[in-house]
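Chemist: First, the structure itself, so that you have it in front of you.
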């Protein structure tokens, strides 16, 4: 049974993607079902908010997900909220690295991982930054987060945190000083073949400070 501080609860095809930090080990965990969808059911996800501490039964074995090594199989859906933490409590988990998830761009080429051992890469990272939210230029129904990494490179990432998206859609103000959970997808390419397969970075959790 892991006690996980929930730091990502975002929409994805078929349901939601959730992830957080094990409060006992400090390790990232992304719980996923065994059905191959990697999607948490809405009935589970909608009851849980960011910063909730949740007891989650996890299986001992891990999925063989090459690009998301933090994934762990869910043993059952008997999840229990046992507390919550303040935003200030998680600032210590933020990483002040010059490169966010392996590159200075909005994506990572899958071939980047080929020579690396699984211990050398990650698909989840927590950062604190000043961020600007805006509608996607090409898909007005989507929101993007613009911010710089600590070396000055600009990132322009899709926001999948459903609570923040709803807030932005209602024209509510979202503060600039935020803690962001950045998540890296598995390889994906448009069906029209216009772009090669890439692992894209998403803003899967937004905590306002």
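Quick note: the coordinates plus some simple rules give every number you see, no bench work behind them. Only a predicted model underlies this, so the values are computations on that prediction, with no experimental measurement involved. Here Cβ is always computed from backbone atoms with ideal geometry, including for glycine, and neighbour counts include all displayed protein chains.
Chemist: Students often get this wrong: which residues of the range 126-158 have the backbone nitrogen under 12 Å from the point 7 angstrom along Cα-to-C-beta of residue 98?
Modeler: Backbone N within reach: 150-153.
Chemist: Comparing 51, 168, 184, which has the greatest mean-square fluctuation in the GNM of the chain with Cα pairs linked when under 10 Å apart?
Modeler: So, out of 51, 168, 184, the one fluctuating most is 168.
Chemist: Counting alpha carbon pairs within less than 8 Å and at least 6 residues apart, what relative contact order, in whole percent, applies to the chain? Show your work: numbers first, answer last.
Modeler: Working: 455 pairs, mean separation 40.6, N = 209.
After rounding, I find 19 percent.
Chemist: Give, in nm to one decimal, the length gained when the segment between residue 171 and residue 153 is fully stretched (0.36 nm per residue of separation minus the Cα-Cα distance). Each step should come with its number before you reach the end.
Modeler: Values: separation 18, 0.36 × 18 = 6.48 nm, distance 2.80 nm.
The residue 171-residue 153 span can extend by a further 3.7 nm.
Chemist: Next up: Rounded to the nearest 0.05, what FRET efficiency do residue 137 and residue 73 give with R0 = 22 Å and r taken as the Cβ-Cβ distance? Could you check? Display every interim value, and only then the final one.
Modeler: On the way: r = 38 Å, r/R0 = 1.74.
It comes out at approximately 0.05.
Chemist: Any idea how far apart residue 130 and residue 1 come out in nm if each label point goes 7 Å out from Cα toward Cβ?
Modeler: So the two model labels end up 4.5 nm from each other.
Chemist: Please work out how much length the chain gains when fully extended from residue 88 to residue 195, using 0.36 nm per residue of separation minus the C-alpha to C-alpha distance, in nm with one decimal.
Modeler: Numbers: separation 107, 0.36 × 107 = 38.52 nm, distance 3.99 nm.
Going from the current span to full extension adds 34.5 nm.
Chemist: Which of these, 177, 192, 22, has the largest mean-square fluctuation under a Gaussian network model of the chain (Cα springs below 10 Å)?
Modeler: 192
Chemist: What does DSSP give for the chain in terms of the percent of beta bridges that are antiparallel, rounded to the nearest 5?
Modeler: Values: 49 of 54 bridges.
The answer is about 90 percent antiparallel.
Chemist: Taking 0.36 nm per intervening residue step and subtracting the Cα-Cα distance, what contour gain separates residue 112 from residue 209 on full extension?
Modeler: Values: separation 97, 0.36 × 97 = 34.92 nm, distance 3.39 nm.
Using 0.36 nm per residue and subtracting the Cα-Cα distance, I get 31.5 nm.
Chemist: Can you give me the three principal axis dimensions of the chain from its C-alpha atoms, in Å, biggest first?
Modeler: 41, 41, 32
Chemist: Given the DSSP H assignment, sum -39500 (n - 2.57) over each helix run of at least 4 residues in the chain and divide by its residue total; what's the result at 222 nm in deg cm²/dmol, nearest 500? Let's see the in-between values first.
Modeler: Details: 3 runs with 16 residues, N = 209.
Taken over the chain, the calculation gives -1500 deg cm²/dmol.
Chemist: Additional query: Looking only at 116, 58, 154, which one moves most when the chain is put into a Gaussian network model with springs between Cα atoms under 10 Å?
Modeler: The residue that fluctuates most here is 116.
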